[in-house]
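Readers should treat all values here as calculations from the given coordinates under stated rules, not as data from a laboratory. Bear in mind the structure is a predicted one, so any value in this text is a computation, not a measurement. Neighbour counts are summed over all protein chains in view; Cβ atoms, including those assigned to glycine, are modelled from backbone coordinates with ideal geometry.
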Amino acid sequence: LILAFDGVIASTAQTHAKLAIQAALRTWPHLKENPNINIEENNNNNDWLVNKMMALSHLHMPSDMGYERVLLARMLLEEQKLDEQRSVGKRGKYASKFHPSSEPQTTDAASSKSIRHSRSNNVGSRPLTVGEISVNWSDGACLLDTLSVRYHVNRSNPLPIIRNCLQDIIATASSSFSDDGNNDKNNENDNDILYDAVHVNVNAQIAQELSQCASEVFIVLPHKCYLDSAVRLLSKNVNANLRVGTSASLLQRSSRRGTSKRDDDADVVDNAATFVDDITQRYPNGRIDLSLPTIQIVYPELEETKGDAVESLVRSVVDCENVFCVGDYSMLCNVKDRMVGADSWSPTFGGTKVNIDSDKSIMLSLLLPTWADNISDQNCVDAEMDPYLRAIDSFDFQELLSVKYSTSSGVIR
């Protein structure tokens, strides 16, 4: 089982939305003057922006950390400013969720007069809707490409600057929590939006099933900077041993894996000990118990995408005939493009037979989690129409976690 951390294991759409907003405010400080964002306190007047970001969480973000979300956050703020407060405070089903709930607090009478004057003279401007952005993000108007050029930083490519900004925010947020997960107020800066970087909701039912899973499980992170928070969450919510590594290191491990039961157990102990030295000593809930299942947390190497990592994991399979990939639509399409070729067999309900090398093939199933908060209804429809993809609900996924499969050597896993 190869599972994406985002959406499948934990609900992270709100986290990524708030990180993107915070990074946008740091990258372009002038956005703090936008009347539709409140930086003084984390109040409900910012909910419209988070809601709209979450509704667009299914958009394809080519980079491993989703730097493009930061461009999206700036665009939404500037689009809302074009509206000149016409949609503020509306109670409709759409407007009440995706537009500010109250007028900006202006202490300057001249500013209030200016807003009213520009509102009366700027007729016809409105923000792009969620649907319009979704349709034109990668196709149509190609908003992603346009924003990458338009939102430069001193005539430079903004993505490297955004990347450093996001990494700094996540590192600061993660270090501001004690080992028991409580916020260390002595390290507090900016506002509470920062600390949602390590506060995500793990699906409790799926966490329970993972604790009893009979199959080999890999959980793929989008980037290494999320490692600390993922380990903290999983060690607290999942009753299992944890290993940490890149896809390349796990590929080397699988090539050295012993064939005897004793060798395999020794491999578990060696990897677990390495994990303790590097990670677990900072987490009191970390555990090593050979009676428990082992979950391997994987993050992409430098210059490697999540798709690269998943492909490496699929190719690292040694003695398992069935591989299930569960993740967002973009990740599954990426894996399909990489793994399913002209020499692959026609898909069946049990997956697609994929040739790994000249003498080995596997049954590869690409499953779209309908419960994930980074999946849209259109993604589910597209998956059902794609012969190589299949949508799966949380009940069927829990059943999948409890199933044991035979390996090529006849061993039940």
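Observations
- Computed extension gain for T146 through F395, at 0.36 nm per residue and net of the alpha carbon distance, reaches 85.6 nm.
- DSSP beta bridges in the range 324-402 [antiparallel fraction, %, rounded to 5]: 45 percent
- Residue-wise HN-Hα coupling along the range 17-31, computed from phi with Karplus coefficients 6.51, -1.76, 1.60 (Hz; x: Gly, Pro): 5, 5, 4, 5, 5, 4, 5, 5, 5, 7, 6, 10, x, 5, 5
- Cα-based shape type of the range 289-405, given that a ≥ b ≥ c are square roots of the gyration tensor eigenvalues and the cut on a/c is 1.5: rounded
- Between S358 and H60, the distance separating the two model label sites (each 7 Å from Cα on the Cα→Cβ line) works out to 3.5 nm.
- Net charge of Cβ neighbours under 11 Å - reference E132; Lys, Arg +1; Asp, Glu -1: 0
- Derived scalar couplings between HN and Hα for the range 143-148 equal 4, 4, 5, 5, 5, 4 Hz in order, rounded to whole Hz, by the Karplus curve 6.51 cos²θ - 1.76 cosθ + 1.60 (θ = phi - 60°), x for Gly and Pro.
- One decimal place: the segment T129-S346 gains 74.2 nm when fully extended, by the rule 0.36 nm per residue minus the C-alpha distance.
- Ordering of 50-63, 356-369, 153-166 by packing [mean C-beta count within 10 Å, highest first]: 50-63, 356-369, 153-166
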